[in-house]
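One structure is given here, and the rest of the page talks about it.
The values are calculated or read from the model by the stated rules, or taken from the named source; none is laboratory data. Please read all numbers here as calculations on a predicted model, not as lab measurements. Cβ sites come from the backbone with ideal geometry, for glycine too, and all protein chains shown count toward neighbours.
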């Protein structure tokens, strides 16, 4: 009984942390429009020969851009921008959800 209670409390804490750390796509859009569009427009995401084909690669590329431009972004800002770009252009999260539903 005590172990079950401890596990429930731990699960609740982890869920709370996850919800608090969920990416904010509106903030990501604002960061993207303010900083990213000074170097390139959205065509870089939609071209046929695009170099980013998975979420991990997108995260790495956004980080490279932040470093290269010396943008004053926090990790949360990068996560928000990645979420916005993924949701708006690449649809990585939705593709992953669709695939997991197909395999169930």
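I need a count of the residues in region 23-51 that are surrounded by 13 or more Cβ atoms within 10 Å (Cβ to Cβ) and under 16 Å from residue 79 (Cβ atoms).
11
Sort out which residues of region 72-81 are in contact (Cβ under 8 Å) with a residue 40 or more places away in the chain and part of a loop (DSSP other than H, G, I, E, B), and write them in order of number.
Passing the criteria: only 73.
Can you pull out the helices (runs of 4 or more DSSP H) entirely within region 1-62 that have at least 2 residues that are closer than 15 Å to residue 88 by Cβ, touching a helix residue (DSSP H, G or I) at 6+ places or on another chain (Cβ under 7 Å) and modelled with pLDDT of 90 or more? I'd like the intermediate steps shown before the answer.
Details: elements: 2-20, 25-35, 43-46.
The qualifying helices (runs of 4 or more DSSP H) are 25-35.
Checking residue 69 against (1) under 22 Å from residue 22 (Cα atoms); (2) surrounded by fewer than 19 Cβ atoms within 10 Å (Cβ to Cβ): exactly one of these is not met. Which one?
In the conditions (1) under 22 Å from residue 22 (Cα atoms); (2) surrounded by fewer than 19 Cβ atoms within 10 Å (Cβ to Cβ), residue 69 misses (1) alone.
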